[in-house]
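Here is the structure we will look at, set down as structure tokens.
The values are calculated or read from the model by the stated rules, or taken from the named source; none is laboratory data. Note that the structure is predicted; figures quoted are calculated from it, not measured. Using ideal geometry, Cβ is built from the backbone for each residue, glycine included, and neighbour counts are taken over all protein chains shown. All accessible areas refer to the heavy atoms of the entire protein, side chains included, with ligands and DNA or RNA removed. Shrake-Rupley method; radii C 1.70, N 1.55, O 1.52, S 1.80 Å.
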Amino acid sequence: MAPSVHQCLTFLFLFLLLQNATSASPLPLSRRRPILNHSNHSNFAKHPRRVVFPVNHSSCDLFSGEWVKDETYPLYKAEECGGGMIDPGFDCQTYGRPDSDYLKFRWKPFNCNVPRFNGVKFLQEMRDKTIMFVGDSLGRNQWESLICMITSSAPLIDTHMIHEDPLSTFKILDYNVKVSFYRAPYLVDIDNIHGKTTLKLDEISVEASDIWRTADVLLFNTGHWWSHTGSLRGWEQMETGGKYYGDMDRLVALRKGLRTWSNWVLHSINTPLVRVFFLSVSPTHYNPNEWTSKSKASTITQGGKSCYGQTIPFSGTTYPTSSYVNQKKVIDDIVKEIKFHVSLMDITMLSALRIDGHPSIYSGDLNPSLKRNPDRSSDCSHWCLPGLPDTWNQLFYAALLY
């Protein structure tokens, strides 16, 4: 007896379903056991890798905008972070900064709004995951900011801090979330070779690689240490291509080091379930001539190099110059080459406008003689907490979850 129309349609449906299943591309293998996510609406799980270069360029560039006054800021107070959570060097209000208007500014992109940070939502989305900041003290600055944002926004959570070197970890026990900082100022390895501290431009240490690969979200940064000279230089020689150099063009060295890092990303992060971000260069403000009009610049003390006394952002939407523009170009070039694997957090310009955001002389418990000499003692490199790194983390939160 001839098959019915219904039987034919059923057979055709099963045949097409089987064809589709066998022709689908296999998922990349993960190095770790599958992560359990208890949220049924996890944007992180739905969109494991989205490029932020910049975020959704056609509709929302998170990094192009202006600073607007907002009396609902800051997002937290220093005392809400728990005793000793903020390094003294970043804790400006505790160490005597007299003004507070710098805390009342919010970053507003031109063509969209940044979602306000919600600590509970963040923890729900990141349940059973590890977020790791890797880099220099600016990375630590941002790491401490995120911890403060989480603990003030979700104050009833049970937490535990482990301070070690190079890895420190803040655990949110209720959600099994880890927020870590791994200190690696150059990202590439630094070791003692033949009695000399050697910056190995072609290598990332096995220890660092193994630890970085345990993370579900990685946010890297580097920059400032590559330009240090004299006693601030963190190495005695560089090694690349099997040869040793007493020094070399620092931008060339930075490019070599970042190329090593980008190759590590391409070979070690082989699953789209791991999100990788890179924070562009955080600017310094040691030269008042950068933001002062020519008429006022003539009144600045010869040799003066301080952000001391700045209480409001630079007026406008662009900053006239930056000592780190060449470093930024190197970072941009390298990240663009692997933009389908790494998302660039382009915070350089929005940070350059915040001439008011540094600790200056309120960087820990400076003795009175140092405080009387801002040109010698001001920290115009790091940022106060609460402060600018909170905005970095709001943008990170938006790029990661929205």
Restricting to the stretch 358-369, name every residue that is more than 15 Å from Pro98 (Cβ to Cβ) and small (Gly, Ala, Ser).
Gly364, Ser369
Residue count, the stretch 82-111, condition within 30 Å of Ser59 (Cβ to Cβ), open to solvent by 30 Å² or more (accessible area, probe 1.4 Å) and either at pLDDT 95 or above or not polar (S, T, N, Q) (or both), comes to 5
Collect the residues in the stretch 236-265 that are open to solvent by 40 Å² or more (accessible area, probe 1.4 Å), among the hydroxyl-bearing types (Ser, Thr, Tyr) and farther than 15 Å from Trp226 by Cβ, keeping them in residue-number order.
Tyr244
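Can you tell which of Asn118, Asn192, Asn176 is touching a helix residue (DSSP H, G or I) at 6+ places or on another chain (Cβ under 8 Å) and either open to solvent by 10 Å² or more (accessible area, probe 1.4 Å) or not aliphatic (A, V, I, L, M) (or both)?
That would be Asn118, the only listed residue that is touching a helix residue (DSSP H, G or I) at 6+ places or on another chain (Cβ under 8 Å) and either open to solvent by 10 Å² or more (accessible area, probe 1.4 Å) or not aliphatic (A, V, I, L, M) (or both).
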Please tell me if Leu273 is surrounded by fewer than 20 Cβ atoms within 10 Å (Cβ to Cβ) and at pLDDT 90 or above.
yes
Restricting to strands (runs of 3 or more DSSP E) lying wholly in the stretch 53-159: which have 3 or more residues that are more than 29 Å from Lys171 (Cβ to Cβ)?
65-69, 105-109
Which ranges mark the helices (runs of 4 or more DSSP H) fully within the stretch 323-377 that have 1 or more residues being surrounded by fewer than 19 Cβ atoms within 10 Å (Cβ to Cβ) and touching a Gly at 6+ places or on another chain (Cβ under 7 Å)?
374-377
Taking the criterion of being under 19 Å from Val217 (Cβ atoms) and of a type in the set (Ser, Thr, Tyr), would at least one residue in the stretch 122-142 satisfy it?
yes
